[in-house]
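Participant: My questions will all concern the structure given below.
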Amino acid sequence: MSKKSMHKKRMLGKRLKRARRIPLLATVRTHRRIRENMFSRNWRRSKLKLK
């Protein structure tokens with residue numbers, strides 16, 4: 001396994017947090033205006049384009 005730089009690790013962490021699913025309470029409170037996460041992605045299909 002290759003070692004990741006701190007910059008790359010931070011970037012991966014940010015993307016992971018971004019891709020999390022929306023809490024149920026958020027959808028209920030906004031009367032389902034917010035239904036899905038725009039930043040969600042499938043790790044099998046779409047790969048991250050990191051520098």
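Participant: Go through 7, 42, 27 and say which Cα lies farthest out towards the positive end of the charge dipole of the chain; charges sit on Cβ, +1 for Lys and Arg, -1 for Asp and Glu.
Facilitator: 7
Participant: Taking the chain as a Gaussian network, Cα atoms linked when under 10 Å apart, which of 41, 33, 20 shows the biggest mean-square fluctuation?
Facilitator: 33
Participant: Report residue 2's accessible area, 1.4 Å probe, all protein chains in place, as a number in Å² to the nearest 10.
Facilitator: Counting only protein heavy atoms, residue 2 exposes about 90 Å² to solvent.
Participant: Taking Cα atoms, how many degrees apart are the long axis of helix 6-18 and the longest axis of the chain, rounded to 10 and kept between 0 and 90?
Facilitator: 20
Participant: Compute, for the chain, the length of the dipole vector about the Cα centre, with Cβ point charges of +1 (Lys, Arg) and -1 (Asp, Glu) only. Units Debye, rounded to 20.
Facilitator: Magnitude of the dipole: close to 280 debye.
The values are calculated or read from the model by the stated rules, or taken from the named source; none is laboratory data. Just so it is clear, the structure is predicted and the values come from calculations on it, not from any experiment. Ideal geometry is used to build each Cβ from the backbone, glycine not excepted, and the neighbour counts take in all protein chains shown. Keep in mind that these areas ignore ligands, DNA and RNA; they rest on the heavy atoms of the full protein, side chains included. Shrake-Rupley method; radii C 1.70, N 1.55, O 1.52, S 1.80 Å.
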